[in-house]
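The values are calculated or read from the model by the stated rules, or taken from the named source; none is laboratory data. Since this is a predicted model, take the numbers as computed values, not measurements. Cβ coordinates were reconstructed from backbone atoms using ideal geometry, including for glycine residues, and neighbour counts include every protein chain displayed. The area values use the complete protein model at the heavy-atom level, side chains included, leaving out ligands, DNA and RNA. Shrake-Rupley method; radii C 1.70, N 1.55, O 1.52, S 1.80 Å.
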Amino acid sequence: MKNNRRDFLKLASLAGLGLTGTTLLPAGTLAQVAPAGSKNRLEQIRRQSARKYTQRFNMCGYAAPKIDTVRIGYIGLGNRGGAAVERISYLDGIEIKGLCDIRPEKASEAKARIKRPGHNPQLYSGTTDAWKQLCDRKDIDLIYICTPWSLHTPMALYAMKQGKHVAMEIPAATTVEECWQLVETSETTRKHCVMLENCCYDFFELLTLNMARQGFFGEIVHGEGAYIHDIGDSLFDKTKRYDLWRLKENAKRNGNLYPTHGLGPICQVMNINRGDSMEYLTSVSSNDFMLEQLAEETAAKDPSMKEWVGKPFRGNMNTTTIRTRKGRTIMVQHDVTSHRPYSRIHLVSGTRAVAQKYPLEPRIAVSHEGWVTPEEFKKLEEKYTPPIIHKLGEMAKQIGGHGGMDFLMDWRLIDCLRNGLPMDMDVYDAASWTSVGLLSEWSVANRSNSIDMPDFTAGAWKTNQPVDISLTTGGTTTARNAS
């Protein structure tokens, strides 16, 4: 088992460099081996961000054939994966066929979390290619990936090539090259590649999205999002994440490592990739004032952690600003070490109104004179709450997953597959939202100079249609509590 885990980590390292043999890029476009933060890696970011591309097939708005019963295989069963298995088991119209984790005990624990009868998944574990055996099965429609970041793309690529739709945790990739690979493979196989951005299904984010659809804000001018969440201590906790994989990311990259929680909902409000497109960004990071100190304090208690002392940790606060092709602006922040209240900011500012949540409670204003009263807010909430919350909101709260948004995300994914509907978050969203974090590294390293965003839609954003949250089609998937 010790050798298998060592091989697994080696695979993760290769995956982060795009060297797992899964690329569809033309010869000569793949990066050479380049340590994160090196000049070579930064040059690769710049070069791949400017890549020209001809679309093979437009996955935005694509309705794959209906699947009456969605058969699912899970890869990665730690904190996120185990909870995802439990949530999905409340849904009708699904079958959990396989569970995979390098650690056999995690696969067994995930199976024990299934809340309803009728599922008898086969367990895969202990070898570096066990996940491939799962993907190779002919009786699986969807591969759900909750592994460390560097494994997301190679696993997604392999699964799509085996004829599977893919849903994967954020971020979708660790290089811009991988973003292009995801786009090309999804278009070539015509398999959905969905990044599981749960914050797009938070109740207030859905409320503001529907308000924007109904014209409440007027023209959207500016949006803000963030991931401000003090997880500094947990980065050094060996029991929290397998092989300290997230600490490793924070020790080798400097930029916005985790942009999509705040960015995704704002992109949907602005119809990014569906009528507008991110054009360029600029990014600035503070110095590290906290992680090195945490490394020293941890090493003083645990000598095995001394390897982290003196590492070039990323700056504690990163601020990235984006301009869209229609002249809108977006600010996204990242800080996972400061002792600040949790915040995703979520600010939507238009020509007629503004809305904001975090770190305070949600609020709305229609003038500079202040926020509307609680009574007025409640009336707006009643008027603009979208159908998905009316239909499943209370059940989502009961089942849980970050207040219910995880369950709404899973329900919507399955309902779209079962009804042959386009995905709310397609491969272009996965690639573009993820690439903001990668391009931020280049900007930070170049005195906050701007860098052009890749157009993963190859110009199709001009005619792609906005996300449909009306539930006028679909909405047929039922769910039941364990009781």
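Find the accessible area per residue for the chain; the probe is 1.4 Å, ligands and nucleic acids are left out, and the unit is Å².
That works out to 40 Å² for each residue.
Give the peptides 323-336, 105-118 in descending order of average Cβ contacts within 10 Å, highest first.
Highest-to-lowest ranking by the protection proxy: 323-336, 105-118.
Can you give the Kirkwood hydrodynamic radius of the chain from its Cα pairs, in Å with one decimal? Please report the intermediate quantities before stating the final value.
Working: mean 1/r = 0.0439 Å⁻¹.
It is 22.8 Å.
Along the charge dipole of the chain, Cβ charges K/R +1 and D/E -1, which of 229, 436, 189 sits furthest on the positive end?
After comparing all options, I get 189.
Please check which bits of the stretch 240-260 a label hung off residue 448 would reach, taking the label as a point 7 Å along Cα-to-C-beta and the cut-off as backbone N under 18 Å.
254-257
For the stretch 58-175, which whole percent of the accessible surface, found with a 1.4 angstrom probe, sits on carbon and sulfur atoms?
Working: 1670 of 3810 Å².
Carbon and sulfur: 44 percent of the exposed surface of the stretch 58-175.
How large is the dipole of the stretch 358-483 about the Cα centre if only Lys and Arg carry +1 and Asp and Glu carry -1, each at its Cβ, rounded to the nearest 20 debye?
Value, rounded to 20: 240 debye.
Between residue 368 and residue 465, what's the calculated FRET efficiency when r is the beta-carbon distance and R0 is 30 Å? Round to 0.05.
Values: r = 34 Å, r/R0 = 1.14.
Working from the Cβ atoms, E equals 0.30.
State, as an integer percentage, the relative contact order of the stretch 150-254 based on alpha-carbon contacts under 8 Å between residues 6 or more apart.
With pairs under 8 Å counted, the relative contact order is 19 percent.
Within 10 Å of each candidate Cβ there may be at most 16 other Cβ atoms; applying that plus a DSSP loop requirement, which GluC sites (Glu not before Pro) in the stretch 342-377 survive?
Here the GluC sites (Glu not before Pro) that fit, given the DSSP loop and packing criteria, are 369.
Determine ³J(HN,Hα), in whole Hz, for all residues of the stretch 376-390 in sequence, where each value follows from phi through the Karplus function 6.51 cos²θ - 1.76 cosθ + 1.60 and θ = phi - 60°; x replaces Gly and Pro.
5, 4, 4, 5, 5, 4, 5, 6, 10, 4, x, x, 4, 6, 4
Any idea which of 474, 215, 61 is furthest toward the positive side of the dipole for the chain, if Lys and Arg beta-carbons carry +1 and Asp and Glu beta-carbons -1?
The residue sitting most towards the positive pole is 61.
Considering all alpha-carbon pairs of the stretch 255-400, what whole percent are spaced by more than 20 angstrom?
Working: 6833 of 10585 pairs.
Result: 65 percent of Cα pairs exceed 20 Å.
Could you run the Debye sum over the Cα atoms of the stretch 85-172, one equal point scatterer each and no solvent, and tell me log10 of I(q)/I(0) at q = 0.12, 0.13, 0.15, 0.21 Å⁻¹, two decimals?
-0.34, -0.40, -0.54, -1.09
When only DSSP loop residues count, what chymotrypsin sites (Phe, Trp or Tyr not before Pro) in the stretch 252-310 have their Cβ near at most 16 other Cβ atoms within 10 Å?
Qualifying residues, ordered by number: 289.
Return the Cα extents of the stretch 108-260 along principal axes one, two and three, sorted largest first, each rounded to a whole Å.
Cα extents, longest axis first: 52, 39, 38 Å.
What is the distance, in nm, between label points placed 7 Å from the Cα along the Cα-to-Cβ direction at residue 481 and at residue 379?
Taking the simple label geometry, residue 481 and residue 379 are separated by 3.4 nm.
Using the Cα centre of the stretch 294-351 as origin and beta-carbon charges of +1 (Lys, Arg) and -1 (Asp, Glu), tell me which of 319, 350, 338 is placed farthest towards the positive end of the dipole.
350
Per-residue counts of other Cβ atoms within 10 Å, averaged by peptide: what ranking do you get for 175-184, 414-423, highest first?
Listed from highest to lowest mean packing, they are 175-184, 414-423.
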